[in-house]
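Presented below is the structure to which this report refers.
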Ligand SMILES: [Zn+2]
Ligand SMILES: [Zn+2]
């Protein structure tokens, strides 16, 4: 079995419901990476975490690492009402960057307490651990994870996950405003995409299209045209675009996907509920 990816949700900014959001889904960002050795790594904990928890529950109790790119609410709100947090046979390791406005422990603690939530993580039955994402690499079984800072208000990290057992790799870059990059961001992110070799899959912020970009400068997001250009310049052939704007319903996203595929056949928009194989 090779590394696999489950998309719990990739809606940006706030969840959406209704018949117009069924194909691409309305839940905010949360993905599950399942390593070839069974490693369980969750990327962000938006409302899509509920679907991720459903997949994890089917696999049975165990250890799960939840890695945060940053602590904006659309990437955290799935921490509330997670049924697995109430069960003593599950262990969760929260890992995230120490940003200017808070650490991973502070961010999770602030959300899971009064007046925002009635049950704190300390009162839940699962085991919890908090780890600051330090520079360098982290190793989770055969999964090697590297991070780099990307431009976004308040700070954010992009991640590369290499499965050293099967050789497959992915890059996850949600919430990044590529047009606001400094030289260090550009150098760091391009290296994440291409070193040691071009990633098999790039998952990238495509909240906007080029036409919207001027109106939304400093909102912290990238247009899909830039996402495809980054992939092309780093030798990545398969791209999954996400952080869909809440205003973009299925019809808008289907039209956008058709347009994208004319530029890059290996590009697709993320659909909640999908499982993808990450083959090397
Ligand atoms: Zn976001
Ligand atoms: Zn954000």
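Within the stretch 27-42, being away from ligand 2 (no atom under 16 Å from the Cβ) and either touching a strand residue (DSSP E or B) at 6+ places or on another chain (Cβ under 6 Å) or in a helix (DSSP H, G or I) (or both) holds for 32, 33, 34, 35, 36, 39, 40, 41, 42.
Taking first residues from the stretch 202-213 that are more than 22 Å from residue 9 (Cβ to Cβ) and partners that are buried (at least 16 other Cβ atoms within 10 Å of the Cβ), the Cβ contacts under 6 Å between residues at least 6 apart in sequence or on separate chains come to 210/223; 210/225; 213/223. So, residue 216, is that one surrounded by fewer than 17 Cβ atoms within 10 Å (Cβ to Cβ) and free of Cβ contacts under 8 Å to residues at least 40 places away in the same chain or not? The answer is yes for residue 216.
Hey, could you check the stretch 231-260 for residues that are surrounded by fewer than 15 Cβ atoms within 10 Å (Cβ to Cβ) and either touching a residue at least 12 places away in the same chain (Cβ under 8 Å) or within 25 Å of residue 33 (Cβ to Cβ) (or both) and say which is farthest from ligand 2 (Cβ to nearest atom)? Even if it seems obvious, please write down each step before you answer.
Our first condition is that a residue be surrounded by fewer than 15 Cβ atoms within 10 Å (Cβ to Cβ); within the stretch 231-260, this holds for 232-233, 235, 247, 251, 254-255, 258-259.
Next, only the ones that are either touching a residue at least 12 places away in the same chain (Cβ under 8 Å) or within 25 Å of residue 33 (Cβ to Cβ) (or both) stay: 232-233, 235, 251, 254.
Values: 232: 25, 233: 24, 235: 28, 251: 26, 254: 25 Å.
Filtering the stretch 231-260 for residues that are surrounded by fewer than 15 Cβ atoms within 10 Å (Cβ to Cβ) and either touching a residue at least 12 places away in the same chain (Cβ under 8 Å) or within 25 Å of residue 33 (Cβ to Cβ) (or both), the one farthest from ligand 2 (Cβ to nearest atom) comes out as 235.
Residue 24 passes every criterion in (1) under 27 Å from residue 208 (Cα atoms); (2) surrounded by fewer than 19 Cβ atoms within 10 Å (Cβ to Cβ); (3) in contact (Cβ under 8 Å) with a residue 60 or more places away in the chain; (4) away from ligand 2 (no atom under 16 Å from the Cβ) apart from (2). Pull up the stretch 1-16, narrow it to residues that are surrounded by fewer than 24 Cβ atoms within 10 Å (Cβ to Cβ) and under 23 Å from residue 56 (Cβ atoms), then point me to the one that is farthest from ligand 2 (Cβ to nearest atom). Checked the stretch 1-16; the qualifying residue farthest from ligand 2 (Cβ to nearest atom) is 1.
In summary, strands (runs of 3 or more DSSP E) completely within the stretch 212-280 and bearing 2 or more residues that are over 26 Å from residue 182 (Cβ atoms) occur at 267-269, 275-277.
Set side by side, the residues 53, 45 differ, and just one is within 14 Å of ligand 2 (Cβ to nearest atom), closer than 16 Å to residue 15 by Cβ and buried (at least 20 other Cβ atoms within 10 Å of the Cβ), which is 45.
To keep it simple, each residue is scored yes or no on (1) on the phi > 0 side of the Ramachandran plot; (2) buried (at least 23 other Cβ atoms within 10 Å of the Cβ); (3) away from ligand 2 (no atom under 16 Å from the Cβ).
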| residue | (1), (2), (3) |
| --- | --- |
| 141 | yes, no, yes |
| 147 | no, yes, no |
| 154 | yes, no, no |
| 166 | no, no, yes |
| 175 | yes, yes, no |
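Where a number appears in this text, it was derived from the coordinates with a stated rule and is not lab data. Only a predicted model underlies this, so the values are computations on that prediction, with no experimental measurement involved. Here the Cβ is made from the backbone with ideal geometry for all residues, glycine too, and neighbour counts use every protein chain on show.
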